[in-house]
Amino acid sequence: MDSSPKDPWWRSGVLYEVYPRSFADSDRDGIGDLGGLIDRLDHLEWLGVDGLWLSPVSPSPNADWGYDVADYCAVDPDYGTLETLDALVAEAARRGIQVLLDLVPNHTSEQHPWFVDSRSSPTSEHRDWYVWADPGPDGSAPNNWTAQFGGPAWTLDQATGQYYLHNFTREQPDLNWWNPAVHRAFEEIIRFWWDRGVSGFRIDVCNMMVKDVELRDNPPATERDSLIEQLMGQRYAFNANRPEVHEILRGWRILADTYDPPRVLLGETDVHHLSMLAPFYGNGADELHLAFNLPWLHAEFTAEALRAVVEETERILPEGAWPVWTGSNLDTSRLATRWAKGHPGVTRCILLALLTLCGTPVIYQGDEIGLPDGEMTREALRDPIGRRYWPHATGRDPERSPMPWDDGPGRGFSASGQPAPWLPMGTPPECNVAAQRDDPRSVLTFTRDLMVLRRSSPDLHSGAYRSVASPPGTWVWQRGHGFATALNLGEEACALSDLVGSVAIGTDRGRDGEPVEGRLTLGPGEGALVRLA
């Protein structure tokens, strides 16, 4: 894959994911907010971020912490107001940063006015806006579908005698995308935000929007299916991944292209086989601009496994499609914990890979300082997954713990530290932005220097990927004609041959500028970006 000088900002840029509730608290109520994000835009500008993706800031009763939306065209008072969001978009634009919001089209909150009306009567105006079905002959659920968070995907509404579908919690009823009125409503929602200057959307579980019109039973899971499908005992064949979803995305792409500049569609494509990922790009230019690569995110952390995912992605994506890479997100354990196991050198290796692969990198808040998952107690948990499955799982709260900005009261998340933040900080006190900003050997400085070099080097942000043969446990690739990335993820030192140039940036910063004359030796958990001669 290659890029050209006329490509849009998101192909050469770096996206930064913000979980606003845990980013920065400006009004001292223990909850991060848009005002806090505005206050920290200088950090993101200094870092070199090109775009922000905000997880939902819409009004929500928080059964699933924002992903149960009660009003698509407003801002939750916890975060601010529409005017605050407008100010954020304007202040970010002044720094050359685009803002993407989270769009949740699969389901709403049970408190959304659409569903309140829908469940009021079988003949209500919005009844067919959701997926309702009669009980089975014995009064049981209409089929065998299970919810992503566990338990049946159906709840009986006693007042009307029918079941409604919810692929997540029962407080999140699924919309009926077979109804044209739902399509029209979301086009209005999309225009509302894009007309206000929002640059695009990350689309939540966009592969799940359409359900089988016949509501057929899902087949049993096999060892080839995802972990969640194996845990639930069924492949999500009929309540997800239906072909009709591509018609919706093509319509939104047409709408996005009517804006100047065109708006961006970034999909949460919750599929676990690369063969299922490619279709979300359509012909390469008529569906999503970017689609999250979950086979990469959930790959075994070995050089061989990661290389295989990247090279298969390069092979299967249609011409014109552009990959997206991330190592952490609000639903997945942070890279410093999950992959690096607390090893700072390995954390740097992961960041080096993310920022030098061919595609758009997405950095999750805290990745730039090597932030590990927060430690949680049962009493502190807020996530419905963690509360349901404790102690076997802690859910998603560890990766959502608040961002530490300094080592003062409240760790800089809030000015005074009182009241306590909505989730415990639970991360090492020395791991914070202020402590790392002026340290030339810190993870933060390493990340920023990589991002600065990437922005100024067309080979790094636009050059084609070419795999280079290397010994087991290592992974080497070239970008364009100017750079090669070399990683040693094995347990022994390893010498890599056929590299000539100098170390532009090493995970060991003491090696920066070191000549490479055909041979580069890397210790375990060490990497280097080589400027080729």
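Observations, loosely collected:
- Residue check for Glu312: without any contact (Cβ under 8 Å) to a residue 24 or more places away in the chain, acidic (Asp, Glu) and surrounded by fewer than 22 Cβ atoms within 10 Å (Cβ to Cβ): no
- Flag if Gly197 is at positive phi, touching a residue at least 12 places away in the same chain (Cβ under 8 Å) and surrounded by 13 or more Cβ atoms within 10 Å (Cβ to Cβ): yes
- Check on Ser467, in a loop (DSSP other than H, G, I, E, B), hydroxyl-bearing (Ser, Thr, Tyr) and surrounded by fewer than 22 Cβ atoms within 10 Å (Cβ to Cβ): no
- Options Ser467, Ser414; residue that is in contact (Cβ under 8 Å) with a residue 12 or more places away in the chain and outside the structural domain of Asp367 (by TED's automatic domain parsing): Ser467
- Hey, Thr356 more than 23 Å from Ser414 (Cβ to Cβ) and either of a type outside the set (Lys, Arg) or surrounded by fewer than 24 Cβ atoms within 10 Å (Cβ to Cβ) (or both) or not: yes
- Residue under evaluation Asp78, criteria (1) over 15 Å from Val18 (Cα atoms); (2) of a type outside the set (A, V, I, L, M, F, W, C); (3) surrounded by fewer than 19 Cβ atoms within 10 Å (Cβ to Cβ), criterion not met: (3)
- Of all residues in the range 84-118, those being part of a loop (DSSP other than H, G, I, E, B) and either crowded, with 20+ Cβ neighbours inside 10 Å or hydroxyl-bearing (Ser, Thr, Tyr) (or both) number 8.
- In the set Gly51, Gly32, Gly66, Gly96, only one residue is in contact with an Asp or Glu (Cβ under 6 Å, 6 or more places away or on another chain) and either of a type in the set (A, V, I, L, M) or within 24 Å of Thr326 (Cα to Cα) (or both); that residue is Gly32.
- Applying the condition of being loosely packed, with under 15 Cβ neighbours inside 10 Å and at pLDDT 95 or above to the range 260-274 and asking which residue is nearest to the chain's Cα centre (by Cα) yields Pro261.
- In the range 412-455, residue nearest to Asp373 (Cα to Cα) [restricted to those that are among the polar types (S, T, N, Q) and in a loop (DSSP other than H, G, I, E, B)]: Thr427
- Among residues of the range 497-517 being of a type in the set (S, T, N, Q) and modelled with pLDDT of 95 or more, the one that is surrounded by the most Cβ atoms within 10 Å (Cβ to Cβ) is Thr507.
- Of all residues in the range 339-359, those satisfying the criterion of being in contact (Cβ under 8 Å) with a residue 24 or more places away in the chain and either in a helix (DSSP H, G or I) or among the β-branched types (Val, Ile, Thr) (or both) are Pro344, Gly345, Val346, Thr347, Arg348, Cys349, Leu351, Leu352, Ala353, Leu354, Leu355, Thr356.
- Residue ID - farthest from the chain's Cα centre (by Cα), chosen from residues in the range 149-188 that are among the aliphatic types (A, V, I, L, M) and more than 18 Å from Asp134 (Cα to Cα): Ala181
- In the range 79-90 there is no residue that is closer than 23 Å to Asp331 by Cβ and polar (S, T, N, Q).
- From the options Val468, Val452, Val433, residue that is closer than 30 Å to Glu312 by Cα and within 25 Å of the chain's Cα centre (by Cα): Val452
- Test: residue in the range 446-465 that is on the phi > 0 side of the Ramachandran plot and not basic (Lys, Arg): no
- Each residue in the range 284-313 was checked for being of a type outside the set (A, V, I, L, M, F, W, C), out of contact with any helix residue (DSSP H, G or I) (no Cβ under 7 Å at 6 or more places or on another chain) and under 29 Å from Glu492 (Cα atoms), and 6 of them qualify.
- Qualifying residues in the range 232-253 (those that are closer than 17 Å to Leu290 by Cβ and either among the hydrophobic types (A, V, I, L, M, F, W, C) or out of contact with any Leu (no Cβ under 9 Å at 6 or more places or on another chain) (or both)) - the one surrounded by the fewest Cβ atoms within 10 Å (Cβ to Cβ): Arg250
- Which listed residue is on the phi > 0 side of the Ramachandran plot and among the aromatic types (Phe, Trp, Tyr), from Trp132, Trp46, Trp53, Trp65: Trp65
- Matching residues in the range 514-532 - criterion: being touching a Phe, Trp or Tyr at 6+ places or on another chain (Cβ under 8 Å) and among the aliphatic types (A, V, I, L, M): Leu529, Val530, Leu532
- Members of the range 368-411 found to be surrounded by 15 or more Cβ atoms within 10 Å (Cβ to Cβ), under 23 Å from Leu44 (Cβ atoms) and free of Cβ contacts under 8 Å to residues at least 40 places away in the same chain, listed by number: Pro404, Asp406, Arg411
- Which numbered condition Arg184 fails, given (1) free of Cβ contacts under 8 Å to residues at least 24 places away in the same chain; (2) outside the structural domain of Leu231 (by TED's automatic domain parsing): (2)
- Answer from Ser328, Ser333 - the residue that is in contact (Cβ under 8 Å) with a residue 60 or more places away in the chain, crowded, with 23+ Cβ neighbours inside 10 Å and small (Gly, Ala, Ser): Ser328
The values are calculated or read from the model by the stated rules, or taken from the named source; none is laboratory data. Keep in mind it's a predicted model, so treat the numbers as computed, not measured. Backbone-built Cβ (ideal geometry, glycine too); neighbour counts: all protein chains shown.
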